[in-house]
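See structure below.
The values are calculated or read from the model by the stated rules, or taken from the named source; none is laboratory data. If you're wondering where the values come from, they're calculated on a predicted model, not measured in any experiment. Glycine gets a Cβ as well: all are built from the backbone with ideal geometry, and neighbour counts include every protein chain shown. Each accessible area value is taken on the protein alone, full model and side chains, heavy atoms only, with ligands, DNA and RNA left out. Shrake-Rupley method; radii C 1.70, N 1.55, O 1.52, S 1.80 Å.
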Amino acid sequence: MEPIKAYAGYSIKDNIRMSSSSGAVFSSLAEYVLERQGIIYGVKMSADCYSAEFTRVVDSAGLVKLRGSKYLQAKVGSTYKQVREDLEADKLVLFSGTGCQVNGLKFFLGKDYDKLLCVDVICHGVPSPALWKKYAQYQEQKAGGKLKGINFRCKDDSWTEFGMEEVLEAIQSAEQKKFYISKDKDSYMQMFLRDYCLRPSCYECVAKKIKMADLTIADFWGINDVAPEMNDGNGTSLILLRTDKGRKLFEAIRNGLKLKEVSYEAGVRSNPAEYKSCIRPPQRESFFDDMHGMSFEKLEKKYAETIKVPFKNRVKRKVKNMIKVTLRKLGGGQSA
Ligand SMILES: Cc1cc2nc3c(=O)[nH]c(=O)nc-3n(C[C@H](O)[C@H](O)[C@H](O)COP(=O)(O)OP(=O)(O)OC[C@H]3O[C@@H](n4cnc5c(N)ncnc54)[C@H](O)[C@@H]3O)c2cc1C
Ligand code: SF4
């Protein structure tokens, strides 16, 4: 079913946008709900950084760990039960997840609640958590340290040319170092983007046909063909309003966003994950067999030969980034 309305948009709070994957619309929604003593459910990385999991957040400080896409399947645990307890206690709840997680919650609850708001993301698919753990341990072994933080969508190069930012702490000295790996060079991102490591249901995603969220948020891929004036390189979201409840929530936060209404067709033209599942590659079976039997080093040699970025482009990217960072520092950016 087509949404009621579609928008290109982003938060006017620059610093929050820089730590979000696209236009920080999720944070705007969450802040609004928190201001009304509501509860937010979303996904954070676990303390050891080996997995992703749902968590319950009650204040702005807690939102920091929810920001940004975690490209692996998140553990749901007892989240649906906790959501029901909050709703039964008459609390306002914003649940944020993939389409299948929103549908799962709705089936679990079995009835409508006026105070439940659901936002999902356009979803390409989720990689296997076992692969993530193997990759994380390999990165630790190479660096001789412990993974302390991860940003799958670091915008230092740009929103579209994103990379992984990993914080590793040395075992001996406890000194922390940040590493940046462009998505074209990172083997985990390459396995994800080549669709080798997705969960079986992602190749036949039912949630693309049965949409139960009130709003959907996504990256506005193809923005330059639709509304180039909405692309300043720091991340633009596509916002789809699916229900009247979603429309009302959006109306309540719209003053904090820079917006342009677009047609649904234009909004999703470069984002096929909205309406179709990705194709299961022929290598998927052997990939999973090898994942269980091979070291990560061998796995990446076999499945993730990285894209060679020409030297000229790398220099261009670096210079562009340095200019952007300097301009951002001079401008100061709006604070939260
Ligand atoms: C696995 C995955 C696949 C995606 N595929 C696409 C795609 O194909 N096309 C597209 O346009 N956008 C995709 N997105 C969405 C996009 O990356 C942004 O998350 C979205 O645009 C919201 O960005 P934001 O800046 O508003 O907020 P952000 O702060 O970046 O969004 C964070 C929100 O995402 C949720 N989240 C993070 N990781 C997970 C996870 N593993 N499982 C469930 N929820 C999670 C958090 O709970 C939080 O609510 C995907 C996101 C994920 C997590
Ligand atoms: S692609 Fe579909 S099944 Fe896979 S995680 Fe996303 S919503 Fe769920």
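Here is a list: TYR188, TYR180. Which entry is part of a strand (DSSP E or B) and farther than 30 Å from TYR7 by Cα? Show your work before the answer.
Values: TYR188 fails: part of a strand (DSSP E or B).
Only one candidate qualifies: TYR180.
Scanning the stretch 149-181 for residues that are among the charged types (D, E, K, R) and open to solvent by 20 Å² or more (accessible area, probe 1.4 Å), which turns out farthest from ALA24 (Cα to Cα)? Can you show your working first?
Initially, the stretch 149-181 is screened for residues among the charged types (D, E, K, R), giving 153, 155-157, 161, 165-166, 169, 175, 177-178.
Within this subset, residues satisfying the condition of being open to solvent by 20 Å² or more (accessible area, probe 1.4 Å) are 156, 161, 165, 169, 175, 177-178.
Details: ASP156: 16, GLU161: 17, GLU165: 18, GLU169: 28, GLU175: 31, LYS177: 26, LYS178: 23 Å.
Filtering first and then ranking leaves GLU175.
Could you grab me the full set of residues in the stretch 54-72 that are within 15 Å of ligand 2 (Cβ to nearest atom) and touching a Gly at 6+ places or on another chain (Cβ under 9 Å)?
Initial filter on the stretch 54-72 (within 15 Å of ligand 2 (Cβ to nearest atom)): 54, 69-72.
Of everything in the stretch 54-72, just one residue is within 15 Å of ligand 2 (Cβ to nearest atom) and touching a Gly at 6+ places or on another chain (Cβ under 9 Å), namely PHE54.
Could you please give the count of residues in the stretch 196-231 that are in a loop (DSSP other than H, G, I, E, B) and more than 9 Å from ligand 2 (Cβ to nearest atom)? Don't jump to the end; show me each part of the working.
Kept after step one, since they are in a loop (DSSP other than H, G, I, E, B), are these residues of the stretch 196-231: 196-197, 199, 205, 209-214, 220-222, 227, 231.
Among the residues that remain, those that are also more than 9 Å from ligand 2 (Cβ to nearest atom) are: 196-197, 209-214, 220-222, 227, 231.
Adding up the residues that qualify gives 13.
Looking at the stretch 224-240, I want the residues that are surrounded by fewer than 20 Cβ atoms within 10 Å (Cβ to Cβ) and have a partner that is among the hydroxyl-bearing types (Ser, Thr, Tyr) and in a loop (DSSP other than H, G, I, E, B) with Cβ atoms under 7 Å, at least 6 apart or on another chain. Which pairs are those?
These pairs meet every condition: GLY233/SER158.
Can you tell me how many residues in the stretch 264-295 are open to solvent by 50 Å² or more (accessible area, probe 1.4 Å) and among the aliphatic types (A, V, I, L, M)?
Selection size over the stretch 264-295: 1.
For the stretch 201-220, which residues satisfy the criterion of being in contact (Cβ under 8 Å) with a residue 60 or more places away in the chain and open to solvent by 30 Å² or more (accessible area, probe 1.4 Å)? Show your work before the answer.
Applying the first criterion (in contact (Cβ under 8 Å) with a residue 60 or more places away in the chain) to the stretch 201-220 yields 201-208, 210-220.
Scanning the stretch 201-220 gives SER201, GLU204, VAL206, ILE210, LYS211, MET212.
In the set CYS118, CYS100, CYS49, which member is in contact (Cβ under 8 Å) with a residue 12 or more places away in the chain, on the phi > 0 side of the Ramachandran plot and either touching a Cys at 6+ places or on another chain (Cβ under 8 Å) or not assigned by TED's automatic domain parsing to the domain that holds ALA304 (or both)?
CYS49
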